[in-house]
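Down below is the structure, laid out as structure tokens.
The values are calculated or read from the model by the stated rules, or taken from the named source; none is laboratory data. Predicted, not measured: the structure shown is a model, and the values here were computed from it. FYI the Cβ positions are ideal-geometry reconstructions off the backbone, even for glycines, and counts take in every protein chain you see. Heavy atoms of the whole protein, side chains included, go into the accessibility calculation; ligands, DNA and RNA do not. Shrake-Rupley method; radii C 1.70, N 1.55, O 1.52, S 1.80 Å.
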Amino acid sequence: MLGIICAALSLILVPLTMVICGEWFIKSPPDPESGIGYRTRRSLHSADTWIAAHRICGRIWLFAGIVSLITAVLGGVFMAVKGLETDDGLYNVILIEEAVQLALLLGAIPVTESRLKKMFHI
């Protein structure tokens, strides 16, 4: 039972990280010298690209994190109420949910890079 609870709680880890970092990136991007943040060749090009990259990525992460958090909670409630026949079924659902969350997290990179390229022609 404890394993199932821990596995279910792991569903909200990535969305919470996306919401917290998304909000942080939008409101006050970290200093480029700190070694923390959205660090690519384009984002490090200038102070303007650094701020723009964090606002773009932050908005994507905030939206995707909220949607992922809602689906994770609803999925967790569904799994608790309906129940799955085996632990394997539960873990498969959790694995799929985590894979989608990771795809959303990493999917912000090409979108942010594309927008930076259009905005700053670099």
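Listed by first and then second residue, the pairs with beta-carbon distance under 8 Å, at least 6 apart or on different chains, first residue in the range 32-53 and under 21 Å from L105 (Cβ atoms) and without any contact (Cβ under 8 Å) to a residue 12 or more places away in the chain, second open to solvent by less than 60 Å² (accessible area, probe 1.4 Å) and not β-branched (V, I, T), are I36/P30; R39/P32. Regarding I70, is this residue β-branched (V, I, T), surrounded by fewer than 17 Cβ atoms within 10 Å (Cβ to Cβ) and closer than 30 Å to Y91 by Cα? When the stated conditions are applied, I70 passes them.
Restricting to the range 4-34, and then to whatever is more than 22 Å from G89 (Cβ to Cβ) and assigned to a loop (DSSP other than H, G, I, E, B), can you tell me which residue is least open to solvent (accessible area, probe 1.4 Å)? By that ranking, first place goes to P30. Taking every residue in the range 104-122 that is closer than 19 Å to D48 by Cα and pairing it with any residue that is open to solvent by 60 Å² or more (accessible area, probe 1.4 Å), at least 6 positions away or on another chain, the pairs with Cβ-Cβ distances below 8 Å are F120/H45; F120/D48; I122/H45. As a summary of the residue check, G89 satisfies the conditions (1) buried (at least 17 other Cβ atoms within 10 Å of the Cβ); (2) within 21 Å of L9 (Cα to Cα) except for the one numbered (1).
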